[in-house]
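For reference, the structure is listed below as structure tokens.
Bear in mind that the values in this text are calculations on the coordinates, not laboratory data. No experiment lies behind these values; they were computed from the predicted model shown. For neighbour counting, all protein chains shown are included, and Cβ atoms are generated from backbone atoms with ideal geometry for every residue, glycine included.
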Amino acid sequence: MPTVEERASSPLSKRKKLDEILDPLQNILSETDVGIRGFMCVKNAGFQGTMKGRWEDFLVREVDLSGKICRLSSLVPENTSSDVSSAADPSSSYIIPIEIDEILKEIDRETMFEASFPASEDKNEREMFHKAIRLNYPSLVSKTVEVDNNRYILVTRGKKAWERTPKSNDPPKKTPFCHFVLYKEGKDTMQALHIVGRLLKINSNSFNYAGTKDKRAVTTQNVSIKNISARRLSTLNPRLNGIKLGNFSYSAESIKLGELYGNRFSIVIRDVVAEDGVLHKAIQDWQKHGFINYFGLQRFGHCAEARTYDIGKEIIRCNWEKAIDLILTPTSSDLPVVRQIKERYLRTQDAKVCADDMPQCLEKTLLLGIARHGKTLAALQTLPRNLRQLYTHSYQSLVWNKVASRRIQELGVDEGDKALVGDLYFASCPSISKGLRSVDSSSEMCYDESFDQTSATVPVAEAAGEECDVDGTAGVGVGGTELRVPKTPVTPAAPSRVTECGERPLIYQVVLPLPGYDVAFPDNESGKWYTEILHEDSLKIDDFNHKVKDFALPGSYRHLVVKPEDVHYEIREYTDSQKPLVQSDYARMTTTESDFVDGALSPSEEGAAGDADDNEKHRALVLEFTLSKAAYATMAIRELMKDVTVVQ
């Protein structure tokens, strides 16, 4: 296996020609494409393994500003928990027969209006049946009827459950915001809330949350909604697939964007090729030295053609025509019909005809803008604001990554992990134990670890929503994920400078600026690199004070190095790659410890258990750690393993 230095010095792939872009294997962005080159601990060669082969192997739990980890532990409001507890008691609960339950589901989905079932002669049993329906299908109404001296239970769709409940279940006037835990599997935050909003018949923009969560993961996060009761939300759970709502409470305040410390990750790295001693040493070095706080590949998308940062560079240069051409460049990530129409547009330049044939997506919006305004700023501004800003923020991130790599590789770190003279730093670094907030905010991201960055091809209505605001990351996720940004720019706090005679702070306190017109730059070699990199792209710092308000970039600060916190790990052997090795919150609620086999081999099972993988033993590293909100778990794992395979 090549050393870290050999891998880092490998040449960049040459840019492909247009007729080569349809080969997806040749057109995926590499780490070096986006400036990711260095490691904190070069001497440790890491180990091989596979991450994210299954999204169930990647659990993300939000951590609030107090350090509390967001967990799902209850699906019912507190005032109904006693009813549910009694219903769960085998001595008093009624189990609805499977064939009846299937019919009830059809009524609940509104594919049937009503159904009747023979009623028991036992009054207590009939009461338990009615109670089971109320608890499992709050939107349904049941009653006992008599026809020709025979009793039946008639089930229909009645008034909504929240309309039947007393007003005492409505949000209190002084605390109108219902806070709840959103648990989701295989969906990003906006996709999940779009589904919930559709069932509630409200716009998904009505929900407030601190940051978006990854699609290819099992995640929990805090969400708030105004003037919607906990009872009303809880009635949706039977109708939600891969989504659960729980742990309800009321507050006078909504959840604010960026109002989180970070995330608690539980990650399974499978097919590990390393001895135990190698793993222990790698994790020790990782905990001690941390990792370079790079923006991960998901910040830039995955396609090496029509790169988001190239588009951003042209926007900053006011080269509207070039930016538009890049957005409309056919790529391997496009849907086939979209790619074909893009190729036709390149040949014909007939925006109106191509727009008419294009399905509803952002490219159609842009083509219609070109048909009306030509390849101008006005055409570009027909795109949602969140997408336009994604491009410029992507370029800022590229510059930051390049400077960070050179800062570590060329200037290094003083003995004792100390900063260098001229570095910028904040007096504190992110830490839950110290109760501190990350400085990587304002124009920094509230977009937590999405591995599914988009091309422009997403439905317009979903991407734009009611407004076109995005979060500090300025990103849009596949399927219409909208990332929000504060409407009023936040002026970043001013860092201090390391001087010859002053005390040397730790490298973990050092920050590098994202280039902008309102930030300070390091007073050493790393400060000069910003000018050099921008000059290579025919840009200068003043260009970030853009004449178009949406593209004006004041800049912000980002910690150079981050340490994972509260690290726990376990080396496991397993045989069935389809069985989970970590348990989600919902799995804990719905299975007993004895039911959950973890897919791993217990000592008594080793060498004896039959499984789906022909008894071949594999090794996995089950890793838990916490990162502040601006850090990417992929970049943390990259430092740990040095040779990670991420399955998309």
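For this structure, a couple of remarks:
- Over 22 Å apart at the Cα level, from the set K187/K342; K528/K629; K123/K143; K215/K549; K201/K244, are K187/K342; K528/K629; K215/K549.
- Each part gets one Cα centre, and for the stretch 500-533 versus the stretch 337-359 those centres are 46 Å apart.
- Cα shape, the stretch 282-435, gyration tensor, a/c 1.5 rule: prolate
- Order by protection proxy (mean Cβ within 10 Å, highest first), peptides 212-219, 330-337: 212-219, 330-337
- The listed peptides 357-363, 140-146, ordered by packing as a protection proxy, come out as 357-363, 140-146 (highest mean of other Cβ atoms within 10 Å first).
- Pairs exceeding a 26 Å alpha-carbon distance, out of K68/K184; K52/K281; K352/K540; K68/K256: K352/K540.
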